[in-house]
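K.L.:
Mind looking over this structure? Questions follow.
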Amino acid sequence: MAAYYSEKVMDHFTHPRNVGEIPDADGVGEIGNAKCGDIMKMYIKVADGRIADVKFKTFGCGSAIATSSIATEMIKGKTIEEALTLSNKAVVEALDGLPAHKIHCSVLAEQSIKAAIADYYRRQGIDPTPIVGELPDPEEEVCHLH
């Protein structure tokens, strides 16, 4: 049975926003595993406590690209605190849904943003764990989410 993809998923897959790298990023987070096939890398630029710019590079399926794209749009211009509240559920809702077997892509999008923010705090000499929470080890298998 073919999976149903909303118009928003197709739009963000075929016309992804904020693709690329930020060479002088204030925080970089990478989540995923080549063994699974989905790897997301988020770059953030912070100014006055806000996400001034965000870019992503994703290696994965169309749902992984679409969730990365919409997640960057959802946090751009937001405060770090607001960006940390972005949930995978909100990403799925913003895309008008994802097939059940693709929900893990939204989890990766949420986690890659948190990883970039954690990196930002580390670069400031601040322990990110009390703020961001525990993140999966990038080397660990995340394939169980599939």
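The values are calculated or read from the model by the stated rules, or taken from the named source; none is laboratory data. This one's a predicted model, so the numbers in the text were calculated from it and none came from an experiment. Cβ: placed from backbone, ideal geometry, glycine included. Neighbour counts: every protein chain shown. Just so you know, the surface numbers come from the protein's heavy atoms only, side chains and all, with ligands and any DNA or RNA stripped out. Shrake-Rupley method; radii C 1.70, N 1.55, O 1.52, S 1.80 Å.
K.L.:
With springs only between Cα atoms under 10 Å, which of S112, S68, S87 fluctuates most in a Gaussian network model of the chain?
P.N.:
Among S112, S68, S87, the largest GNM mean-square fluctuation belongs to S87.
K.L.:
Still on this structure, I have one more. Can you give the FRET efficiency for T129 and T79, using 1/(1 + (r/R0)^6), R0 = 22 Å, r = Cβ-Cβ distance, to the nearest 0.05?
P.N.:
FRET efficiency, T129 to T79: 0.65.
K.L.:
Starting from the 7 Å offset along Cα-to-Cβ, what nm value, one decimal, do you get for the label separation of K89 and D24?
P.N.:
Label at K89, label at D24, 4.0 nm between them.
K.L.:
May I ask you to give the solvent-accessible area per residue for the chain, in square angstrom, as obtained with a 1.4 angstrom probe? Working shown, then result.
P.N.:
Values: 7350 Å² over 146 residues.
For the chain, the solvent-accessible area averages 50 Å² per residue.
K.L.:
Quick one: pull the percent of accessible area on the chain belonging to carbon and sulfur, 1.4 Å probe, ligands and nucleic acids left out. Don't jump to the answer; show the numbers that get you there.
P.N.:
Values: 3890 of 7350 Å².
Carbon and sulfur atoms account for 53 percent of the accessible area of the chain.
K.L.:
Go ahead and estimate [θ] at 222 nm for the chain from helices alone: -39,500 (n - 2.57) per DSSP H run with n ≥ 4, summed, over the residue count, rounded to 500.
P.N.:
On the way: 6 runs with 59 residues, N = 146.
After summing the helix terms and dividing by residue count, I get -12000 deg cm²/dmol.
K.L.:
Okay, next question. Mean 1/r over all different Cα pairs, inverted: what Kirkwood radius does the chain give, in Å?
P.N.:
Numbers: mean 1/r = 0.0668 Å⁻¹.
Roughly 15.0 Å, rounded to one decimal.
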